[in-house]
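The next block holds one structure in the form of structure tokens; read it before the comments.
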Amino acid sequence: MNRERLAFYLNHYGLFRTVRVYAHRALQRLVDFDIMRVETASGEATDSPVVEPYVTRQVSADEYRSGLQLLGAEHDRSNAFVRRDRCFANLLDSQLVGYQFYAGRSTVARSGLEFAFPDTLTYAYASFTHPDHRGKRLARARANARRCADQAAGIQRNVVWYISVDNLPSLAVSRRLNVAHLGYVAYLRIRKRYYCYASPACVRAGVSLISTGGQATK
């Protein structure tokens, strides 16, 4: 972190959390690992998905690709559509300015590692809002659009997701929302083998990380 980033973290998150982030990222330079906080929220729609002048709804693969001009090629998520994951997006004059994907089955977290959960849950991932459009509750609008769509289809599932413990901005947003902390999952990679951990509450809920290249170790 540079000095400006350090000052921002200290002012917004305090000394303890800033030191924790520094330690976490310093260790990641030596060892391939991560620790993630797992959170859940009700699938029931509690608010309107309408945020003027944006249109928030589920988009198809073609709509997603054609709306990427503002975001760039690094946001290509063709594989998500191949898996039939759903994408709910914010559009402004047909231009994509934010998106979130939802999966109904175990999903690749990174190469060789999957995030597993029961079919009674929906997994939310890859939430993004263009910097020029942040602060307008577009992430909340995407979540409510998905909830309304599920309710209309007679689907009632809680949502689950994870956030790295060093991602303080995302954790701060979660604390302001009506979400529940389920537990933690983590992984450590040594050479080509992953060693995975799930806290007891996550195990009871059927949520875990699974190595796809070998037997996961808890």
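The values are calculated or read from the model by the stated rules, or taken from the named source; none is laboratory data. No experiment lies behind these values; they were computed from the predicted model shown. Reconstructed Cβ throughout: ideal geometry from the backbone, glycine too, with neighbour counts over all protein chains shown. Just the protein is used for accessible areas: all its heavy atoms, side chains included, with ligands, DNA and RNA removed. Shrake-Rupley method; radii C 1.70, N 1.55, O 1.52, S 1.80 Å.
Can you work out which of the residues in region 131-147 that are open to solvent by 30 Å² or more (accessible area, probe 1.4 Å) and of a type outside the set (A, V, I, L, M, F, W, C) is nearest to ALA26 (Cα to Cα)?
PRO131
Can you list the strands (runs of 3 or more DSSP E) found entirely within region 34-147 that contain at least 1 residues being over 18 Å from the mean Cα position of the chain (by Cα)?
Answer list for region 34-147: 55-59, 86-92, 95-103.
Take THR56 and decide whether it is in contact with a helix residue (DSSP H, G or I) (Cβ under 7 Å, 6 or more places away or on another chain) and farther than 24 Å from TYR125 by Cβ.
No, not satisfied.
Can you tell me which residue within region 58-72, out of those that are open to solvent by 70 Å² or more (accessible area, probe 1.4 Å) and over 27 Å from SER164 (Cα atoms), is modelled with the lowest pLDDT?
Step by step, filter region 58-72, then rank; the result is GLN69.
Of everything in region 168-184, what is touching a Lys or Arg at 6+ places or on another chain (Cβ under 9 Å) and at pLDDT 80 or above? Give them in sequence order.
LEU168, LEU171, HIS181, LEU182, GLY183, TYR184, listed by residue number.
What's the number of the only condition in (1) touching a Ser or Thr at 6+ places or on another chain (Cβ under 8 Å); (2) of a type outside the set (Asp, Glu); (3) within 21 Å of ARG37 (Cα to Cα); (4) open to solvent by 50 Å² or more (accessible area, probe 1.4 Å) that LEU188 fails to meet?
LEU188 satisfies every listed condition except (1).
Restricting the first residue to region 146-165 and requiring it to be more than 23 Å from GLY183 (Cβ to Cβ) and not assigned by the TED database to the domain that holds TYR22, which pairs with a second residue that is open to solvent by less than 50 Å² (accessible area, probe 1.4 Å) and aromatic (Phe, Trp, Tyr) meet a Cβ separation below 8 Å and a spacing of at least six or different chains?
ARG146/PHE88; ARG146/TYR102; ALA149/PHE88
For region 19-36, give me each residue that is over 21 Å from TYR194 (Cβ atoms) and touching a residue at least 60 places away in the same chain (Cβ under 8 Å).
If the condition is that a residue be over 21 Å from TYR194 (Cβ atoms) and touching a residue at least 60 places away in the same chain (Cβ under 8 Å), then ARG20, VAL21 are the ones that fit.
Take the conditions farther than 21 Å from LEU121 by Cβ, surrounded by 13 or more Cβ atoms within 10 Å (Cβ to Cβ), of a type in the set (Ser, Thr, Tyr) and free of Cβ contacts under 8 Å to residues at least 60 places away in the same chain and apply them to TYR99. Does it pass?
Against the criterion (farther than 21 Å from LEU121 by Cβ, surrounded by 13 or more Cβ atoms within 10 Å (Cβ to Cβ), of a type in the set (Ser, Thr, Tyr) and free of Cβ contacts under 8 Å to residues at least 60 places away in the same chain), TYR99 does not qualify.
Output the residues belonging to region 148-170 that are hydroxyl-bearing (Ser, Thr, Tyr), surrounded by fewer than 21 Cβ atoms within 10 Å (Cβ to Cβ) and either assigned to a strand (DSSP E or B) or in contact with a His (Cβ under 9 Å, 6 or more places away or on another chain) (or both).
SER164
Could we say that GLN95 is assigned by the TED database to the domain that holds LEU182 and touching a helix residue (DSSP H, G or I) at 6+ places or on another chain (Cβ under 6 Å) here?
Criteria not met by GLN95.
Return only the number of the condition from (1) within 22 Å of the chain's Cα centre (by Cα); (2) more than 24 Å from ASP150 (Cα to Cα); (3) in the same structural domain as LEU177 (by the TED database); (4) open to solvent by 40 Å² or more (accessible area, probe 1.4 Å) that ARG17 does not satisfy.
For ARG17, the exception is condition (3).
Results for (1) aliphatic (A, V, I, L, M); (2) closer than 22 Å to ARG134 by Cα, shown as yes or no for each residue.
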residue: LEU15; (1), (2): yes, no
residue: ARG25; (1), (2): no, no
residue: ARG37; (1), (2): no, no
residue: SER48; (1), (2): no, yes
residue: VAL97; (1), (2): yes, yes
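Pick from VAL173, VAL179, VAL207: which is closer than 18 Å to GLN100 by Cα and in contact (Cβ under 8 Å) with a residue 40 or more places away in the chain?
Going through VAL173, VAL179, VAL207 in turn, the sole match is VAL179.
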